[in-house]
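A short write-up of the structure that comes next.
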Amino acid sequence: MFSVTECDRNNVAGDEDAALPASSSMPVAHAGDFVGVYPELGRPAYRFFKRAFDIVFSGCVIAVAAIPSAVLAAAIRLESPGNPFYSQERMGRLDKDGRLTTFRMWKFRSMYKDADERLAELLDKNEIKGAMFKMKDDPRVTKIGHFIRKHSIDEFPQFVNVFLGHMSVVGPRPPLPREIPEYVQRDFGRLAVKPGLTGPWQVSGRNDLDFADMVDLDLDYIQNRGFLYDLGLIFKTVKVVFTGDGAA
């Protein structure tokens, strides 16, 4: 049985940039609930090659994208004053003790700098059912932000997270702390593996799907994950980046 104590709810339901240290964790489940899907219970060869691929692939992307990223960062700052990068505290995978780790995830800033403060007034306009917030015509998004979100360019700084081991190239997207109290037992299954930069949700319509659809796709990925499956999702993601299919 999954459980979130009242104290844990108070910790994760607050501001998404609340002071949760990168190494912090909170008990939400028992690892025994994930027998058959928990990554540490088997498949060491797959995990080794997946991590090796993550390091090499993310390192190459960081090197190639360094100069274009600097140009984009300057353009973001010119349109909207403030740090061109944006970070959020995100939830990692469940460890063997049933605790969720947290880490700071990076993006190119696609919204005005007061976006977090304006979120509360937009919650009733959420267009996705479940423990997520999505709004296609979000007034907080800048002009450059619309473009980089459509083509997922805003996610590129997360290759640093991949290189550092916080994330994998392929895996379920990491949730915000404030979303965890809305999870039901089945939803926690998507946290059984390391979160990813891309996954089946990103290549299957993204904002055209609701949260339950995303959970279904993530659980199917966890059950059937493999190196060839990961490569297929990466190639499909490249196509989505160019076409912008399913983006807000």
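Nothing in this text is a laboratory measurement; each read-out follows from the coordinates by a stated rule. Because the structure is predicted, anything quoted here is derived from the model rather than measured. Virtual Cβ from ideal backbone geometry, glycine too; neighbours counted across all protein chains shown.
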Grab the other residues whose beta carbon is less than 12 angstrom from that of I148, score K and R as +1, D and E as -1, and report the net. +2
Report the calculated FRET efficiency for N83 and F235 (r = Cβ-Cβ distance, R0 = 35 Å), to the nearest 0.05. 0.60
Cross-link list K96/K236; K113/K194; K113/K143; K113/K136; K143/K194; K113/K236: which exceed 21 angstrom alpha carbon to alpha carbon? K96/K236; K113/K194; K143/K194; K113/K236
Can you give the net charge of the other residues whose Cβ lies under 14 Å from the Cβ of L78, counting K and R as +1 and D and E as -1? +3
Which length gain, in nm to one decimal place, applies between I55 and L228 when the Cα-Cα distance is subtracted from 0.36 nm times their residue separation? 60.6 nm
Going by amide H atoms built from the backbone, whose H comes under 5 Å of the H on G196, apart from near neighbours? S168, G171, R173
